[in-house]
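Everything on this sheet refers to the single structure shown next.
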Amino acid sequence: MPIREYSAVDPKKSCPHCKAGFERVEPMECPPFPVCPECSNPVERQISAPSVGGSQSGFDDRAKSAGFQKLEKTGQGEYEKKY
Ligand SMILES: [Zn+2]
């Protein structure tokens, strides 16, 4: 079952429980839990995955211009030098 993270929509109105954020293990089919179980104020679901993508190419360009080499795993424990 996935772990979903929630935190308060409005930290000013929230209790310490949801202000700091909390996690719930929920079945896939369970809808996102809309309120804090402690104070019943609205909470929102957090995207817990790290933000990758978008700015990645910019990072690569900066790393390249800074003289770093990027090694990409090609499988079998081997690494291919990308540039
Ligand atoms: Zn709360």
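The values are calculated or read from the model by the stated rules, or taken from the named source; none is laboratory data. Keep in mind that this is a model prediction, so the values were computed, not measured. Glycine also receives a Cβ, built like all others from the backbone with ideal geometry; neighbour counts cover every protein chain displayed.
Restricting the search to segment 50-70, which residues are assigned to a loop (DSSP other than H, G, I, E, B), at pLDDT 75 or above and not hydrophobic (A, V, I, L, M, F, W, C)?
Gly67 - this is the single residue of segment 50-70 that is assigned to a loop (DSSP other than H, G, I, E, B), at pLDDT 75 or above and not hydrophobic (A, V, I, L, M, F, W, C).
Report every pair of residues separated by at least 6 positions or lying on different chains whose Cβ atoms are under 8 Å apart, first residue within segment 35-49 and at pLDDT below 85, second in a loop (DSSP other than H, G, I, E, B).
Gln46/Gly21
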